[in-house]
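The values are calculated or read from the model by the stated rules, or taken from the named source; none is laboratory data. Keep in mind that what you see is a predicted model, and the values were worked out from it rather than measured. We place every Cβ from the backbone using ideal geometry, glycine too, and count neighbours over all the protein chains shown. Side chains included, ligands, DNA and RNA excluded: accessible areas come from the protein's heavy atoms. Shrake-Rupley method; radii C 1.70, N 1.55, O 1.52, S 1.80 Å.
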Amino acid sequence: MPTHDVVIVGSGLAGMRAALEVCQGASVAIVSKVHPVRSHSGAAQGGIAAALGNMPPERTAKIQARIENGAVLPDEELNEDSILLHWFDICKGGDYLVDQDAAQMTAENAPTLIYQYERWGAAFSRLPNGKIAQRPFGGHQAPRACYAADRTGHALLHCLWEQVMKRSDQVTVYSEWIVLDLIIRDNICRGLVVWDLNTGRLETVHTKAVIFATGGYGRAFSITTNAFANTGDGIAIAYRNGVPLMDMEFVQFHPTGLYRLGILLSEGARGEGAYLINGEGERFMHRYAPTLLEKGPRDIVARAEMMEIMEGRGGGPKKDYIYLDLRHLPAELVRTRLPQISDLVTKFVGIDWSKELIPIQPAAHYSMGGIPTTLQGEVILDAQETLVKGLYAAGECSCVSVHGANRLGVNSLLEATVTGWAAGRAALAHSQQAELAPLPADATASAEAEVKGILENEGTESVADLRKTLQEAMTEKCGVFRDADHLKQCLETVKDLQHRFHNVHIRDKGQVFNTALQEAIELGHMLDFAETIVEGALARQESRGAHARLEYFDLKTAAGVRDDENWLKHTLAYRDGDGVRLDYKPVRIFKFKPIARKY
Amino acid sequence: MADIRFQVHRFNPETDEKPYYQEYQFTPLEGSTVLDCLNYIKWHLDDTLAYRMSCRSAICGSCAMRVNGHAKLVCQTQVKNVVRPDGTVRIDPVGNMPVLKDLIADMHGFWTKMQAVKPYLMPTQPPPSANQEYLQLPEAFRLFEEEATCIMCGACVSDCTSLESDKQFLGPAALAKAYRFSADTRDGRRHERLEELIERGGMWDCVRCNECVQTCPKTVAPMEAILKLRQMALKERLTDSIGARHVTVFTDIVGRRGILDERELPVRSLGFNPVKLLGMAPVALQSVLKGKIRPLEPPHKVKGVEDVQRIHREMEDGS
Ligand SMILES: Cc1cc2nc3c(=O)[nH]c(=O)nc-3n(C[C@H](O)[C@H](O)[C@H](O)COP(=O)(O)OP(=O)(O)OC[C@H]3O[C@@H](n4cnc5c(N)ncnc54)[C@H](O)[C@@H]3O)c2cc1C
Ligand code: FES
């Protein structure tokens, strides 16, 4: 039986960053369902935020005018980017559902951790003076997105993988191993049950600490920028083991997914000056974000697009999309700063960006919600912050909560890095003083039952059909705009699908690389956590950040109605019998008092 | 779009003695990629088919496969561009790697070779100050920018002709990675890395067929990187290898005689080493039979050798 002091599940930025901390003092393994460099972090394009202040002052000078009056900002900090300003932008961007200590930790540690990447060899683009290049990004008041052309995630993921390869004697990697269950008894996490995709064997992994870094849940939606692997496994497994899920209703829709495909065209495009155009050929953002226009934050831009579409100003025969316009951008700029985008557009939709408009639509992009943790990544069970000993979470699957109701672009690679680093340090410290807790006799029972239940099922339902129904319901009824009627219908669909899932049938009964079984297990996960998204959204009677309820939204002014009095609180969703029980947890606000969020 | 017949490589180690092709026929939707078609098969026709995929946007490197014999990322390959005149598309796993199941290859060997080139930055100088990055000018970054886009999909390794005959060869992906770090101004161990790479299996074992440049789905152009590694090694006077001597002697002979003397080349490349030279005997015999070597003729200069020498000089000056 594999035994390690610390086992990390997931090998994106959060997982590998954690491993590089843990390996300094304990034996550590990474378990990942895809090979580390295949992790979804590699797909991140635009950049990673840090207040390095590398851009020449003339490009940052303008920002001081736009600091909101509610922000407590000392004057001398206004002339250039600063940690304080970054901290403020995170809180405002998250529509004040941000735990301000988490945002502080993120902004404060950003520069050091970026320099660490650079020292490890990350291939950042450079300014003429040799410093790491930075650019503006939606919702950030200073150009603080450090980037590697438009493949920042790739540069960082590979950089971490290189460092893991360098330490191959200290870090064990179990690649294409899929975690099915956590072994928690008496509130102590003792290990994991893992299914080895290569052989079909179930393995028990014994450990003092587990860090979940399993990424997001965008695949629960039909139009998504997320990879096929993003099925929220860790989130569902924690939920099944009694851990509540926090703020699941907050799902970010990215305004520039390729029409129908969802493939992401980086916000970097708008950062570099691309326009959004409606079906009538008009730039429309002045109606929704008069100052920032196309550079407005994602939730506002995604809603603006939907409103254009809802009011009949979409493009195409069905008037159901918007256009991204790069035609006026210099070819050299697109070649050097957005090379991947032009390649994607050419190969996936056969469009010449220099002559044609690119059809786009909002796509499920980022999961603000997830497994609730302390600043050290320790998983908590309730509003009193009761800990599960030895269980940690980091990255997109966790909710600490730094992004609140809406994450700003380029802040999540940062969050994955900061929370991975913090959870790694905490798990290391824990493993140095904790003993291996004994494993119960029935450790693998429920995972075995899960696998057997699918393999031996002679039902009539197909994984692909159930999944498609779920994804379409989630996009149409629990998407950019929501309302009670549609959410109720969506909930019914999810419950019905959970039921039908008991009758699911796969033909592949083999052991080696049974990817049909994998897809069935993943669907089971999505059906479980999807319910918490819908329930959370239904209960939350306000519009905040990425959660827009039509009943609490003024379509004329395009402004949501936020209800701080009743809803400035985190949702906690518990599994309760066959359904979901909701509880709430206060938001930690001590620096910036909530003000209206306008751009 | 018309009906397409997909001939898909199948092999299940649990039940099959050897691989076979299974045919699936259907009409893909307009604009489908080859990955969309595989997904269609898996989700609607036959869920036992196994392959890797994740990002479906050409960045995670999971989905390299051979389409009609050439490695491609299937997620960015439009199916209409690869249908053959008889209406078929053949899909195989990547080459030069063992097959685990259907379209899934075993990449362990790939990673072992990657690991062998020390694929990480090894700085020897500290950054300018504790709270700052290393400075690197944009020109310096550009030296390895393209090579740094490698997504480790294995497409180049799949189609590498050197690897087909020489399993020891590190291969295009690992060598391109080695170049990426050797060219990085922050790295302090270029010489050591190069020293190891001039050995057998390293930079001189590429036969320059250009397949990897053609097949790379990104902008790495591995063979070009290998050539740059060779230049670096020669510049650093790492000439004590067969490959390096081959190049140096080759240029020297052509410079003097205006033509290659195939009798002198092996003797000087391999050094006076009877065992190794004996190993060359079959090649030498072949060359005699084909008339490439005329053993009885005295060495001679070609007419116009001065022109060859002038070209030679100009190239040297230009470099
Ligand atoms: C297209 C796109 C572009 C983006 N661009 C940016 C950007 O420019 N800037 C920015 O800041 N953010 C960006 N983001 C968001 C950002 O990429 C992610 O939030 C971040 O990379 C998440 O990192 P992670 O380490 O938490 O998870 P991931 O990188 O998703 O890794 C999850 C890991 O968990 C493993 N795993 C999952 N389930 C299991 C299981 N059951 N068993 C074992 N292993 C499992 C997977 O194998 C994988 O290794 C982008 C996101 C997308 C979709
Ligand atoms: S699926 Fe990721 S590269 Fe094709």
Greater than 25 Å separation of Cα atoms is the criterion. Which listed pairs, B:LYS118/B:LYS228; A:LYS319/B:LYS218; B:LYS42/B:LYS72; A:LYS452/B:LYS42; A:LYS468/A:LYS488; A:LYS347/B:LYS113, meet it? A:LYS319/B:LYS218; A:LYS347/B:LYS113
Mind grabbing the accessible area of A:CYS23 for me, 1.4 Å probe, Å², rounded to tens? 10
Probe radius 1.4 Å, ligands and nucleic acids left out: which of B:ARG52, A:ARG467, A:ARG135 has the largest accessible area, and how do the rest follow? B:ARG52, A:ARG467, A:ARG135
What is the percent carbon and sulfur in the accessible area of the stretch A:159-284, measuring with a 1.4 Å probe over the protein chains and ignoring ligands? 44
Under 1.5 on a/c is rounded, so check that first for the stretch A:442-529, then, if it is not, pick prolate when a/b is larger than b/c and oblate when it is not; a ≥ b ≥ c are the square roots of the alpha carbon gyration tensor eigenvalues. prolate
Working only with C-alpha atoms, what are the Rg and Dmax values of the stretch A:319-380, expressed in angstrom? 18.1, 52
Considering only the stretch B:1-159, what is the antiparallel percent among its DSSP beta bridges, to the nearest 5? 80
Give me the one-decimal Kirkwood hydrodynamic radius in Å for the stretch B:4-105, with the sum taken over alpha-carbon pairs. 13.6
Carbon and sulfur atoms account, in whole percent of the 1.4 Å probe accessible area of the stretch A:327-424, for 53
Calculate, for the protein assembly as shown, the solvent-accessible area per residue in square angstrom, rolling a 1.4 angstrom probe over the heavy atoms of the protein chains. 38
Would you tell me the mean number of C-beta atoms belonging to other protein chains that fall within 10 Å of each C-beta in B:57-68, as a whole number? 5
Spelling it out for B:ASP187: with amide H atoms placed in the peptide plane at 1.01 Å from N, the residues 5 or more places away or on another chain with amide H under 5 Å from its amide H are none
Please label the shape of the protein assembly as shown as rounded, prolate or oblate, based on the square roots a ≥ b ≥ c of the eigenvalues of the alpha-carbon gyration tensor (a/c under 1.5 means rounded; beyond that, a/b larger than b/c means prolate, else oblate). prolate
Size of the A/B contact, given as accessible area buried on both chains, probe 1.4 Å, in Å²: 5100
If amide H atoms are modeled at 1.01 Å from N in the peptide plane, then the residues at a separation of 5 or more from A:HIS547, or on another chain, having amide H under 5 Å from its own are none
Mind listing the phi-derived Karplus ³J(HN,Hα) values for the stretch B:167-179, rounded to whole Hz, using 6.51, -1.76 and 1.60 with θ = phi - 60°, and x for any glycine or proline? 5, 6, 4, 5, x, x, 5, 5, 5, 5, 5, 4, 5
Ignoring any ligand, DNA or RNA, what whole percent of the accessible area of the stretch B:4-105 comes from carbon and sulfur when the probe is 1.4 angstrom? 49
Set of aspartates and glutamates with alpha-carbon distance to A:LYS355 below 19 Å, sequence-local pairs under 8 removed: A:GLU272, A:GLU280, A:GLU282, A:ASP325, A:GLU332, A:ASP343
Which lysines, on any chain, are close to A:LYS569 with Cα under 21 Å apart, when same-chain ones fewer than 8 places away are left out? A:LYS92, A:LYS585, A:LYS591, A:LYS593, A:LYS598
Partner shielding of A:513-521, taken as the mean number of other chain Cβ atoms within 10 Å, equals 4
Karplus-derived 3J(HN,Hα) from phi for the stretch A:131-136 (6.51 cos²θ - 1.76 cosθ + 1.60, θ = phi - 60°), whole Hz, x at Gly and Pro, runs 7, 4, 6, 10, 9, x
Hey, which aspartates and glutamates would be in cross-link range of A:LYS208, C-alpha to C-alpha under 12 Å, not counting anything within fewer than 8 residues on its own chain? A:ASP5, A:GLU435
May I ask you to evaluate 6.51 cos²θ - 1.76 cosθ + 1.60, the Karplus curve with θ = phi - 60°, for each residue of the stretch B:73-83 and list the ³J(HN,Hα) values in order in whole Hz, giving x for glycine and proline? 7, 5, 6, 10, 9, 5, 5, 5, 7, 10, 5
Of the peptides A:40-48, A:546-554, how do they stack up when ordered by the mean number of other Cβ atoms within 10 Å, highest first? A:40-48, A:546-554
